Amino acid sequence: DWTPDNIIDMRVEQLKEQIGDKQVLLGLSGGVDSSVVAALLHKAIGDQLTCVFVDNGLLRLHEGDQVMQVFAENMGVKVVRVDAEDRFLSALAGESEPEAKRKIIGKTFIDVFADAARDISQGSDGKPVEFLAQGTIYPDVIESAKSHQGKAHVIKSHHNVGGLPDDLQFELVEPLRDLFKDEVRKLGIALGLPHKMIYRHPFPGPGLGVRILGEVKKEYADILRQADAIFMQELERSGWYEKTAQAFAVFTPVKSVGVVGDGRRYAWVIALRAVETIDFMTARFAHLPYELIETVSNRIMNEIKDVSRVTYDVSSKPPATIEWE
Ligand code: XMP
């Protein structure tokens, strides 16, 4: 019968059998799905697993440190952190079209993984990485079949994984392929992952890249990270984080006039987005209390000198999407 412990035992046995004594690479994002795969694989094959955590410069405040803390420091999982900020930002420079940005980010992820796989193979007595693990869950399988805009960094085709160079051939390991999100969460709890990680809002593969409208610049990402962190802090403090399915700040490349003391300030506009949804296919903008929006807005304008104005997004999906790009 379906208990998390039964499923874990079964999957661990299957993984041991599939992988044998080979090396496995997993792209770890810190999201629920890849985290659960990491914990399962660690249980099954220990040090034959190497996770690659890519800091693409489009992560939220302290996100990389938190992922490293949970996996490398607390769980003893082998995690390589790749600092690829310059690589992503220079690949994105000058591009402002949303689909083109997504493609650039997806391709850069693949290039970074391919380099990491070569390094790992060289580092493990020449034993090549033969398996690539992914946190694909059942809804992803359906969505990619419908070719939804989808997870930009998820590599879909089997064997000779699409997009990777020809000399890198992997067999895919996808132990969550037939599970729904709530089932994955139950496995995560049973595997001892922190509650905070299990109940995290989803974060898109392209990260802040689709929340900085138009051209991505480091200066914009830094401002957005600060604004987003303030919004998250206040959502958590007020108990609203768990009442919304997803919430985030958006950097708009729009300047607006404000007043500080005796002077004028001509600075950026930040938008706040929070939604309620079950399936993410449709969504309603969250009816956050005005007092909460007020606190967040005041903090953002007072604490970030480059922001002169804050707006709240009151669009539902459809016709708006959850992300702005
Ligand atoms: P939209 O904006 O399409 O988003 O209403 C629906 C859900 O999907 C997430 N999303 C993505 N996730 N790669 C991802 O991994 C992507 O390219 C991507 N685009 C959107 C979005 O955050 C929301 O949860």
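The values are calculated or read from the model by the stated rules, or taken from the named source; none is laboratory data. Quick caveat: nothing in here was measured; it's all calculated off a predicted structure. Cβ coordinates were reconstructed from backbone atoms using ideal geometry, including for glycine residues, and neighbour counts include every protein chain displayed.
Some points to look at:
- Matching option when the condition is surrounded by 19 or more Cβ atoms within 10 Å (Cβ to Cβ) and within 30 Å of LEU40 (Cβ to Cβ), among PRO204, PRO194: PRO204
- Among the candidates GLU294, GLU219, GLU325, GLU236, residue that is buried (at least 17 other Cβ atoms within 10 Å of the Cβ), modelled with pLDDT of 95 or more and on the phi < 0 side of the Ramachandran plot: GLU325
- Taking residues in the range 268-284 that are modelled with pLDDT of 95 or more and among the hydroxyl-bearing types (Ser, Thr, Tyr), and partners anywhere that are within 9 Å of the ligand (Cβ to nearest atom) and assigned to a strand (DSSP E or B), the pairs with Cβ atoms closer than 6 Å and at least 6 places apart or on different chains are THR277/ALA283; THR282/LYS317.
- The condition of being at pLDDT below 95 and either closer than 16 Å to GLY135 by Cβ or not in a strand (DSSP E or B) (or both) holds for only one of ILE110, ILE104, that being ILE110.
- Residue list for the range 17-51, filter: of a type outside the set (S, T, N, Q), touching a Leu at 6+ places or on another chain (Cβ under 9 Å), under 13 Å from PHE131 (Cα atoms) and outside any helix (DSSP H, G or I): VAL24, LEU25, LEU26, GLY27, LEU49, CYS51
- Note on the range 222-233: residues that are within 16 Å of the ligand (Cβ to nearest atom) and either surrounded by fewer than 22 Cβ atoms within 10 Å (Cβ to Cβ) or of a type in the set (A, V, I, L, M, F, W, C) (or both) amount to 3.
- Which listed residue is touching a helix residue (DSSP H, G or I) at 6+ places or on another chain (Cβ under 7 Å), over 26 Å from ILE7 (Cα atoms) and in contact (Cβ under 8 Å) with a residue 40 or more places away in the chain, from PRO206, PRO194: PRO206
- Only one of the numbered conditions (1) of a type in the set (Ser, Thr, Tyr); (2) in contact (Cβ under 8 Å) with a residue 12 or more places away in the chain; (3) touching a helix residue (DSSP H, G or I) at 6+ places or on another chain (Cβ under 9 Å) is violated by THR3, and that is (2).
- Hits in the range 239-251 (condition: away from the ligand (no atom under 16 Å from the Cβ) and surrounded by 15 or more Cβ atoms within 10 Å (Cβ to Cβ)): TRP240
- Filter result for VAL54 (in contact with a helix residue (DSSP H, G or I) (Cβ under 8 Å, 6 or more places away or on another chain), outside any helix (DSSP H, G or I) and buried (at least 18 other Cβ atoms within 10 Å of the Cβ)): yes
- Residue match in the range 211-232 (condition: assigned to a strand (DSSP E or B), in contact with a strand residue (DSSP E or B) (Cβ under 6 Å, 6 or more places away or on another chain) and of a type in the set (Gly, Ala, Ser)): no
- Test: residue in the range 70-77 that is under 26 Å from ASP228 (Cβ atoms), touching a residue at least 60 places away in the same chain (Cβ under 8 Å) and part of a helix (DSSP H, G or I): yes
- Residues in the range 145-156 include none that are surrounded by 15 or more Cβ atoms within 10 Å (Cβ to Cβ), touching a His at 6+ places or on another chain (Cβ under 8 Å) and modelled with pLDDT under 95.
- Qualifying residue in the range 69-79 (condition: more than 17 Å from PRO204 (Cα to Cα), assigned by TED's automatic domain parsing to the domain that holds GLY192 and under 16 Å from the mean Cα position of the chain (by Cα)): yes
- Taken over the range 253-291, the criterion of being within 16 Å of the ligand (Cβ to nearest atom) and either touching a helix residue (DSSP H, G or I) at 6+ places or on another chain (Cβ under 7 Å) or part of a strand (DSSP E or B) (or both) is satisfied by ALA271, LEU272, ARG273, ALA274, VAL275, GLU276, ALA283, ARG284, PHE285.
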